[in-house]
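One structure is given below, encoded as structure tokens.
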Amino acid sequence: MIPFLDLKAQAQTVGSKIDAAIRRAIRHERATSRLEAGAFEERFADYCNVACCRAVGSGTSALHLALLAAGVGPGDEVITVSMNFVAATAAIIRCGATPVFVDVDPVTWTMNPALIEAAITSKTRAILPAHLHGLMADMDSIMSISRRHGLLVIEDAAQAHGASYKSRRAGSIGDFGCFSFYPDKNLGAYGEAGAVVTDHPELARRVSWLLDRTQEDEGNHALARCDHGMDEVQAAVLNVKMDYIEAWTEARRSIAAQYDQALSSLAVARPRPPSHSRHVYHIYALRLRHRDQAIAMLGRAGIGVDVHYPVPVHLQQRYAELGYRVGDLPVSERLASEFLSLPIYPEMLPEQTGIVGSEVKKIAGGEQTFRSGWTFQDGMPRHGLVA
Ligand SMILES: *Cc1c(COP(=O)(O)O)cnc(C)c1O
């Protein structure tokens with residue numbers, strides 16, 4: 001059995017250090033001190049090469065706070081991608097604003113900058129690209145469009161700790177970078193945690209003000225504890241793991257290189273990182289036309305695989321009210337029906353990577369006599385085989 005993700009393996013490397021750090025953090029006199037959270041903010045700001053970091057309760061909360069700090073509110077529009085985890089869309093809606101989706105680039109699978117300008121209206125306030133799977137979006141193009149139109153940029157960097165674009169770290173190029181430290185992320189706490197980073201002290205002050213607002217402004221509880229700071233226990237865990245993040249990232253990159261090598265003789269589509277980008281492989285995904293069949297076959301071979309993400313946000317039932325239909329974002333829809341994520345975690349052994357590589361090669365090398373896609377059943381999009 002080769003699991004998709006093995007968090008126990010990591011606990012074996014750092015478990016005892018983390019136990020000690022947690023014991024320190026929960027000593028009575030330290031519980032409300034922010035000693036751990038403050039130390040983490042400094043380290044993570046350094047790591048992202050920005051002036052300021054605010055440690056918060058989750059990645060979704062980081063996105064919500066960044067949007068609020070960018071002045072996004074009811075009636076505004078935020079341009080984002082549908083080929084992403086749902087958190088960014090949820091955060092935009094929680095601000096009372098409307099997400100406007102643009103399609104992704106078929107080569108990098110991230111926001112296609114050529115489609116942004118057509119989506120800008122007088123209501124647009126911000127652009128929110130995502131660094132899908134750990135590969136950064138085309139930030140130069142996105143920044144130049146945003147500056148031309150006076151829009152702020154919020155990076156959803158929840159899968160991209162330590163990724164870079166032209167030597168600049170994820171989170172440091174836009175006005176805000178938002179990170180998640182959910183346990184399965186490249187840098188994971190033992191529970192919910194996130195961070196907002198920014199190079200602009202004024203924007204960081206706005207985030208802090210939003211976090212502290214219930215205390216400062218007794219009469220106004222509009223935001224009462226909707227978002228909160230990172231707790232000391234999670235910060236203590238992350239402070240230990242910061243010592244390992246670069247080694248773990250390099251391990252992920254080397255597993256990805258082994259997969260690339262194993263699949264090099266086949267025309268298996270994967271996102272192609274531009275040479276100036278450091279992909280940190282939160283997810284190693286590839287495209288197979290007969291994806292669902294491949295998942296079943298890999299499952300029988302004892303290999304844990306996953307799909308990130310099977311239904312693009314614009315086709316999810318929860319967001320039907322936004323009015324999108326099948327066919328509106330053809331690249332995102334096609335990717336969603338063909339994606340497959342292979343096991344990747346720093347402790348994976350070369351033998352395991354080899355087994356996964358050769359199983360995928362066997363399957364992908366076989367005849368592709370059918371394809372998968374979207375069909376409608378009772379008005380709901382369903383993924384499946386189409387003739
Ligand atoms: C995990 C994730 C989030 C949300 O983070 P939480 O800490 O779970 O709230 C946001 N965006 C992306 C791309 C993610 O992968």
If the chain between D328 and E347 were fully extended at 0.36 nm per residue, the gain over the current Cα-Cα distance would be 2.8 nm
Go through region 137-171 and name the trypsin sites (Lys or Arg not before Pro) that are in a DSSP coil and have 15 or fewer other Cβ atoms within 10 Å of their Cβ.
-> K166
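So, with a 1.4 angstrom probe, what is the percent of accessible area on region 96-250 that is carbon and sulfur?
Details: 2810 of 5640 Å².
Within region 96-250, the accessible surface is 50 percent carbon and sulfur.
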Counting only heavy atoms of the protein chains, get the accessible area per residue of the chain (1.4 Å probe) and round it to a whole Å² value.
-> 42
With Rh as the Kirkwood radius over Cα pairs, region 245-386 has Rg/Rh of 1.00
Candidate residues K8, K17: accessible-area rank, largest first, probe 1.4 Å | K8, K17
Loop sites only, by DSSP: take the GluC sites (Glu not before Pro) in the chain that have at most 12 other C-beta atoms within 10 Å and name the longest stretch containing none of them.
-> 1-217
How about K17: which lysines have a C-alpha closer than 22 Å to its C-alpha, ignoring those fewer than 8 places off in the same chain?
-> K8, K185, K241
Just the accessible area for T249, please: 1.4 Å probe, Å², rounded to the nearest 10?
-> 0
To the nearest 10 Å², what's W209's accessible area with a 1.4 Å probe?
-> 110
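For a quick check of your reading of the filter: which trypsin sites (Lys or Arg not before Pro) in region 93-125 sit in a DSSP loop and have no more than 16 other Cβ atoms within 10 Å?
Details: sites: R94, K123, R125; in loops: K123.
For trypsin sites (Lys or Arg not before Pro) across region 93-125 that sit outside H, G, I, E and B with at most 16 neighbouring Cβ atoms in 10 Å, the list reads K123.
Please report the relative contact order for region 245-386, taking Cα pairs under 8 Å with a sequence separation of at least 6, and give it as a percent rounded to a whole number. Display every interim value, and only then the final one.
Values: 186 pairs, mean separation 45.4, N = 142.
Value for region 245-386: 32 percent.
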If you average over every viewing direction, what projected area does the convex hull of the Cα atoms of the chain give, in nm²?
-> 19.9
Can you give the helix-only mean residue ellipticity at 222 nm for the chain, where every DSSP H stretch with n ≥ 4 adds -39500 (n - 2.57) and the sum goes over all residues, rounded to the nearest 500 deg cm²/dmol?
-> -11500 deg cm²/dmol
Any residue on another chain or 5+ positions along whose placed amide H is under 5 Å from the amide H of I2 is listed here as I303, G304
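The values are calculated or read from the model by the stated rules, or taken from the named source; none is laboratory data. All values derive from a computational prediction rather than experimental measurement. All Cβ positions, glycine included, derive from the backbone under ideal geometry; neighbour counts span all protein chains shown. With ligands, DNA and RNA removed, areas are computed over all heavy atoms of the protein, side chains included. Shrake-Rupley method; radii C 1.70, N 1.55, O 1.52, S 1.80 Å.
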